[in-house]
Each structure stands twice: as C-alpha cells, then as structure tokens.
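Working notes, beginning with the structure itself.
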Amino acid sequence: MRKKAIIERAYRLGFEYEKKYRGCSQCTVAAIQDTLHLRNDFVFKAASGLASGGGLLGVGFCGGYTGGVLMMSLLFGRERGNFAGDREEKYCSFRMAADLYKKFIDQYQSVTCNDIHKHIFGRNFDLWDEKEKEEFEEAGAHIDKCTSVVAQSSAWATELVLGEIERKNMHLDNFHHLRRQTEYE
C-alpha cells in the first residue's frame, strides 16, 4: 500500500507542477524529488533546457522522459569518482531508462516530444511562435494534456526507482547524501 501511495503522490505532484509552473522536465524532476524527499537543486536546474524536446523545439526526447531518466540516473548511475569503472551502476541506469522508454512506447508510441504531441493533440506546435503557443494552451496543454504526460512519467520513474530499491535490498535513506543539496549550501 505504501508503494502505491508514493507512486500516486508522484503522479499528483507531476500534474500539479506542470499545470502551475510548466517546464516538463523540471516538473518531472521536482515531482520525483519531492515525492522521495530527495531535493537536489543542481539536478533541477540542469533540467531547465530540456523542456518540450529541448529548447521548446519538440524534436528531442519528451521532457517528462528526460526528467525521469535524470532522476533515475542520479540514484542509480555511474559516479564521477568511479568514472573509469562502476559498470554495474552505469548499466543499471541504462536498463531503467530502457524500462521507462518501453512505458512511453506502450502509452504514447514514442518518446519524442513532437510525436507525443501528435498523439495527444493530433498535431505539433511551434512553441516559439506566439500564435501556435496560444493554440497549444487552448488545446489543453496545461489543463490535461502535457500535465498528464508529466504526471505519468513522474509516477513511472518513481515506480522504477522503488522497484530498484527493493531489488537491491536498499532503502531511501541510502540516498540521504543527495538530500537538500542546493545552490546556496
């Protein structure tokens, strides 16, 4: 039951953050961080330019996907102190990213922003064009479309993290060193 409640919280926060703040990758990162109580402002900031496929261009990976991969890799990825090694953790992050990818393919048939937009809106938008950006919003981008994608990605990535923690017989406290790292510390 606790695991289900945690995943539901990630979904709810992802939806709320995208609706209120916008920026799919950062909203996904924030939802996962706040759900797992693992705030790290540097990772949050690093997700800034990844919104809407990177630079609002739509051509790259969905920000919900990249935000999820960033957070999963923060917890289960190769560390800089073991750059030449740590193959096990590096491949763990690859596997988790592939698992999130499969969830996106099952739900949206793609991980690219433009393809997902086409799937959920029926068309793409040039978010640098004010008229098209207005049409994007009028089509429900931050009412139920992109909000739902961010919510779902936040939930999926959180589920994958919790599964990996169980698989490795770990606990969230194993990541206490990542908590509350901010730009101002």
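Read-outs throughout are calculated quantities, based only on the coordinates presented, and are distinct from any laboratory measurement. Bear in mind that the values here come from a model prediction, so they are computed numbers and not experimental data. Cβ sites come from the backbone with ideal geometry, for glycine too, and all protein chains shown count toward neighbours.
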Q. Once percent of Cα pairs over 21 Å apart is worked out from the coordinates, which option in (i) 59; (ii) 63; (iii) 47 does it equal?
A. (iii)
(Q) From the helices alone, meaning DSSP H stretches of at least four residues, give me the mean residue ellipticity at 222 nm for the chain, per-run term -39500 (n - 2.57), in deg cm²/dmol to the nearest 500. (A) -19500 deg cm²/dmol
Q | Isotropic mean projected area of the C-alpha convex hull, the range 1-66 (nm²) | A | 4.2
Q. What shape does the range 34-121 have by the C-alpha gyration tensor, where a ≥ b ≥ c are the square roots of the eigenvalues, rounded means a/c under 1.5, and otherwise prolate means a/b greater than b/c and oblate the rest?
A. prolate
Q.
Sorting check: for 48-55, 167-174, 30-37, 104-111, which peptide has the highest mean count of neighbouring beta carbons within 10 Å, and how do the rest follow?
A. 30-37, 48-55, 104-111, 167-174
Q.
Could you tell me which residue out of G55, A5, I105 lies farthest along the dipole of the range 2-178 toward its positive end? Charges go on the beta carbon: Lys and Arg +1, Asp and Glu -1, centred on the Cα centre.
A. A5
**Q.** Note, ³J(HN,Hα) from phi for the range 162-172, Karplus 6.51, -1.76, 1.60, rounded to Hz, x at Gly and Pro
**A.** 4, x, 5, 4, 5, 4, 8, 6, 10, 9, 4
(Q) Is there a quick way to get the dipole size of the range 41-151? I mean about its Cα centre, with the Cβ of Lys and Arg at +1 and of Asp and Glu at -1; what is the value in debye to the nearest 20? (A) 520
Q. Order of 81-92, 123-134 by packing, highest average Cβ count within 10 Å first?
A. 123-134, 81-92
Q: Might you report the magnitude of the Cβ-based charge dipole of the chain about its Cα centre, with Lys and Arg at +1 and Asp and Glu at -1, to the nearest 20 debye?
A: 600
Q) Relative contact order for the chain: what is it in percent, counting Cα pairs under 8 Å that are at least 6 residues apart? A) 33
Q | Phi-based couplings in Hz for the range 83-98 (Karplus 6.51, -1.76, 1.60; Gly and Pro marked x) | A | 4, 7, x, 6, 4, 4, 5, 4, 6, 5, 5, 4, 4, 5, 4, 5
Q: Quickly work out the D86-to-Y101 label distance, labels modelled 7 Å from Cα along the C-beta direction, and quote it in nm with one decimal.
A: 2.1
Q: Can you tell me the dipole magnitude for the range 1-56 around its Cα centre, using point charges on the Cβ only (Lys, Arg +1; Asp, Glu -1), in Debye to the nearest 20?
A: 200
Q) Tell me, in nm to one decimal, what length is gained between E137 and F94 on full extension, where the rule is 0.36 nm per residue of separation less the Cα-Cα distance? A) 12.1 nm
Q: Pop a pseudo-label 7 angstrom from the Cα along the beta-carbon direction at both K3 and N174 and give the gap in nm to one decimal.
A: 1.4
Q. Given the pairs K45/K168; K19/K133; K3/K45; K3/K118; K19/K102; K103/K133, which are separated by over 22 angstrom at their Cα positions?
A. K45/K168; K3/K45; K3/K118; K19/K102; K103/K133
Q: Towards the positive end of the charge dipole of the chain, with charges on Cβ (+1 Lys, Arg; -1 Asp, Glu), say which of G14, G85, F44 has the farthest Cα.
A: G85
Q. Under 18 Å from a point 7 Å along the Cα-to-Cβ line of W128: which residues of the range 18-54 have their amide N that close?
A. 49-54
